[in-house]
Amino acid sequence: MCSSDLQRHGDCAAVVFVDLTEAFYRIFRPLCMSSTISDETLAAFLCKLKMPDSALHELWTLLDGPHALHMAGLPEHLQRSIAAIHSNTHFWMQEQKDVVETQFGSRPGDPFADVCFSYVWARVLLRLQTHMEEQGLADYYPQLPQLDLFGSARATEETGDPTSFIGPTWMDDTAVCVRGKNVPELLAKVTQTAGKLLELSIEHGMSPNLKRGKSEILLSLRGRNSRKHKIELFGPHATLTLPILTEHQAYDMPITNKFLHLGGLLHHGPDQRTEVKRRLALAHAAFNQHRKVLYHNQQIPLPKRCELFQILIVTRSEERRVGK
């Protein structure tokens, strides 16, 4: 979804980017699959995560209900297979004399961790979506029968059944889209939405990473008195945070007008000059790093220098962050 869709008719818009700390290592297996856990182990787990006492009731309620694989409608034999894979798993490090049995997180070194995490995170996002619909925080857009890449389904878009949209998710990174008719309405929606998302994350044994550059609220303010609000939020005396209140504790969540994600600079406007300057600066720095040794070295054939330039400079300016 482009910014023009989210910010139509001059509305204010915001995108809540949330990142989780050690998401795959902290997966609470009983929430994902059939698993048994002792009270002592659970208490130690909650203590290690520094989970607030007020969230314990919600976690126990979740444990009394169906796990994520069952809720997703996965066939029973596949549910048992995944649970069996994550039973009696052990972890060992070189020079370590003992072996540790793992009861939380994904299986050590297992790429299937992405799948297990996705099932648990889907529980969080579905509850968030339901909350946003009930509280009037969600936006609705026409549901298209297929992905329209070439603009051929405009008629269908105008007549399609509306469905709620909360935003895209990539692994453990989620962007929640919110829109308001004016700045006060937008800020109210943002604080409610962010508070519920942080609250649900904690209740599912997850730890949001609220460091700047990890979890931030991307704001685009328009309309009446928007200039005054911009000074209040982004001015020289501003804290550059929004207070977020949940059932368990209060947070100060960073705010921004641009967000760097996967190597790309995200913002609400169509102007790409800042992004171009940033990428040119990356390429320039990479060129200067090897300029004398490689690119000005007459002993290296020109075709080889051109090849090195393509590999080390061009790719540097086009790189995308694919891991953390």
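The values are calculated or read from the model by the stated rules, or taken from the named source; none is laboratory data. The model shown is predicted, which means the values in this text are computed figures rather than measured ones. Cβ placement follows ideal geometry from the backbone for every residue including glycine, while neighbour counts extend to all protein chains displayed. Ligands, DNA and RNA are stripped out before the accessible areas are found, and what is left, the full protein with its side chains, is counted by its heavy atoms. Shrake-Rupley method; radii C 1.70, N 1.55, O 1.52, S 1.80 Å.
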Q | Computed over the chain: relative contact order in percent, which uses C-alpha pairs under 8 Å that are six or more apart | A | 24
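How many percent of the alpha carbon pairs in segment 76-144 exceed a separation of 14 Å?
Within segment 76-144, distances greater than 14 Å cover 73 percent of Cα pairs.
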Q. Highest mean first, what order results for 129-142, 20-33 on Cβ atoms within 10 Å?
A. 20-33, 129-142
Q: Can you give me the P(r) profile for the chain? Cα pairs, bins 10 angstrom wide beginning at 0, each as a whole percent.
A: 5, 20, 26, 23, 17, 8, 1, 0
Q) What's the extension gain from PHE150 to ASP39 if we count 0.36 nm per residue and subtract their Cα-Cα distance? A) 34.4 nm
Q.
If the reach is capped at under 22 angstrom between alpha carbons, list the lysines near LYS304, excluding any in the same chain fewer than eight residues apart.
A. LYS292
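Using the Cα centre as the reference, give the magnitude of the dipole from point charges on the C-beta atoms of segment 65-146 (Lys, Arg: +1; Asp, Glu: -1; all else neutral), rounded to the nearest 20 debye.
Dipole size: approximately 140 debye.
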Q) Once segment 130-230 is represented by equal point scatterers at the alpha-carbon sites, with solvent omitted, what log10 I(q)/I(0) does the Debye formula produce at q = 0.22 Å⁻¹? A) -1.21
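Considering only Cα-Cα distances, which of the following residue pairs are longer than 25 Å: LYS50/LYS189; LYS50/LYS214; LYS230/LYS258; LYS50/LYS211?
Over 25 Å apart, Cα to Cα: LYS50/LYS189.
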Q. Ranked from highest to lowest mean number of other Cβ atoms within 10 Å per residue, what is the order of the peptides 241-251, 281-291?
A. 241-251, 281-291
(Q) Using DSSP H assignments, which helices in the chain have an axial alpha-carbon span of 18 Å or above and a mean Kyte-Doolittle hydropathy of -1.0 or higher? (A) 113-134, 183-203, 273-290
**Q.** Within the chain: Cβ-based charge dipole about Cα centre, in debye rounded to nearest 20 (Lys, Arg +1; Asp, Glu -1)
**A.** 1900
Q) Quick one: with all protein chains in place, what share of the accessible area of the chain is carbon or sulfur, to the nearest percent (1.4 Å probe)? A) 55
Q. With each label point set 7 Å from Cα along the Cα-Cβ vector, what nm distance links SER54 and ARG291?
A. 5.7
Q) Hey, in the GNM for the chain with a 10 angstrom Cα cutoff, which one of SER38, SER118, SER207 fluctuates hardest? A) SER38
